[in-house]
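Below you'll find the structure, written out as structure tokens, and then a few comments.
The values are calculated or read from the model by the stated rules, or taken from the named source; none is laboratory data. None of these values were measured; they are calculated from a predicted model. For neighbour counting, all protein chains shown are included, and Cβ atoms are generated from backbone atoms with ideal geometry for every residue, glycine included.
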Amino acid sequence: MSRPDLRARVEAARAQREREGLLRRARVCEVTADGHRVLDGRTLVDFCGNDYLGLSRHPDLVEALHRVAATEGVGTGAAHLVSGHRGEHAALEEELADWTGRRRAVLFSTGVMANLGALQALLGAGGLPGRGGALCVQDRLNHASLIDGAQLAGAELRRYPHGDAEAAARQLDARPEHAALLATDGVFSMDGDVAPLSALATLCRERSALFYVDDAHGLGVIGPEGAGSVAAAGLDATRVPLLMGTLGKALGTAGAFVAGDADLIEAIVQFARPYIYTTAMPAALAAATRVSLRLVRADVEGRRQRLAAHIERFRAGARQLGLAVMPSRTAIQPLLIGSAEGALAASRALEAAGFLVVAIRPPTVPQGAARLRITLSAAHSPEQIDALLDMLSRLPGPAGTAAV
């Protein structure tokens, strides 16, 4: 019996994705001095990035990055637990913990690594035996890294319909003999809506489950001092023991962190393989993030207020034009198209008109739910938003008024 050809299997899967119009390719996207994007020689206004407060080009961040790189170099050259943990890292962790109202925080190089590492450490319990297995209950629309983290930990993964706290309770009740963790996005990255955090926190307290919130798209944007969806819901560290946040969205830099009580964070440090075996982020990047965090907390430039005004302007304009925008009050404003082909056609039409809005297709979203994921930033102008709305109204099919 001959062994199946792995290369042939992989190529068949790729070819099928191409036939279905779901193949994705990286395109070189340059940035101009005024923040516009350049693709294939065309200058575009970016309406699909996650720089929600427009901080990535802030001169104070750039200055901090240059200053620390000049003394410490570009790379750290080692993992945190070897010789890569610098003073800037330690200070940033302390400031992130203070911002989120938690005892301790630990840095990761990316949000995906933070979720993989934290869930692997907590659900895998460092490989130690325990009574029964580990259960991880998750919202069906959670970020892929949360799902992957539970699976890589070897936990039993049970998912509940989007935003349904009662269904989450049933999933927890199905395995009362298992230690349990419930994980959810705070702000959902593709729909832009907010999880029912208060109901889920109550549920976790009643069922003795650990509650873990990925607030990558809420931190910096909503809540007091921009502390995110958990803070906006009035939930403290006792109600939400573990909070993950990314630094490459509203804070404008790169990296991620998990914050929580000291014992849980120490367990992550000891058992999270993506933390232990990865070179630490550049100290200069941590320094730039510290500056960004101070800007976000004080917000003396009114960036959150400006973003909130842009969201209201866009939604009001969409209502007036009859656009089928999904019910989101955050910077993520998805326009549901349906078919992958239709979403791609709409994205190309917008690009031809000077707007960068990427089509989001399966498997990132469910079949039949392809969309334009429009994201707003404090860096946009009202005139740019109005021009985008005008162009959206001219699109044929589901994106325009003809479909409403």
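Observations on the model:
- Single match in G101, G73, G84 (criterion: in contact with a Ser or Thr (Cβ under 8 Å, 6 or more places away or on another chain), at pLDDT 95 or above and of a type outside the set (A, V, I, L, M)): G84
- Across the range 139-149, not a single residue is classified as farther than 18 Å from L119 by Cα and part of a loop (DSSP other than H, G, I, E, B).
- Any chance A237 is part of a helix (DSSP H, G or I) and within 26 Å of Y160 (Cα to Cα): no
- Considering (1) out of contact with any Asp or Glu (no Cβ under 8 Å at 6 or more places or on another chain); (2) farther than 30 Å from Q171 by Cβ, the lone condition that L123 does not fulfil carries the number (2).
- Tabulated pairs, the range 135-155, first β-branched (V, I, T), second assigned to a helix (DSSP H, G or I), C-beta under 7 angstrom, 6+ apart or interchain: V137/A168; V137/Q171; V137/L172
- Subset of the range 20-51 (residues that are aliphatic (A, V, I, L, M), farther than 18 Å from I360 by Cβ and in a loop (DSSP other than H, G, I, E, B)): V28, A33
- Only one of the numbered conditions (1) within 21 Å of the chain's Cα centre (by Cα); (2) closer than 24 Å to A195 by Cβ is not met by E312, and that is (1).
- Spans of helices (runs of 4 or more DSSP H) in the range 270-369 with at least 2 residues small (G, A, S) and assigned by TED's automatic domain parsing to the domain that holds L44: 303-321, 340-352
- Applying the condition of being farther than 10 Å from D139 by Cα and among the acidic types (D, E) to the range 176-195 and asking which residue is surrounded by the fewest Cβ atoms within 10 Å (Cβ to Cβ) yields E177.
- Once the range 162-180 is narrowed to residues that are of a type in the set (D, E, K, R) and part of a loop (DSSP other than H, G, I, E, B), the residue that is modelled with the highest pLDDT is D164.
- The residue that is surrounded by the most Cβ atoms within 10 Å (Cβ to Cβ), among those in the range 42-93 that are closer than 19 Å to D299 by Cα and of a type in the set (S, T, N, Q), is S56.
- From the list A256, A267, A298, the one residue that fits, being modelled with pLDDT of 95 or more and surrounded by fewer than 16 Cβ atoms within 10 Å (Cβ to Cβ), is A298.
- Residue within the range 22-35 that is β-branched (V, I, T) and more than 30 Å from A286 (Cα to Cα) present: no
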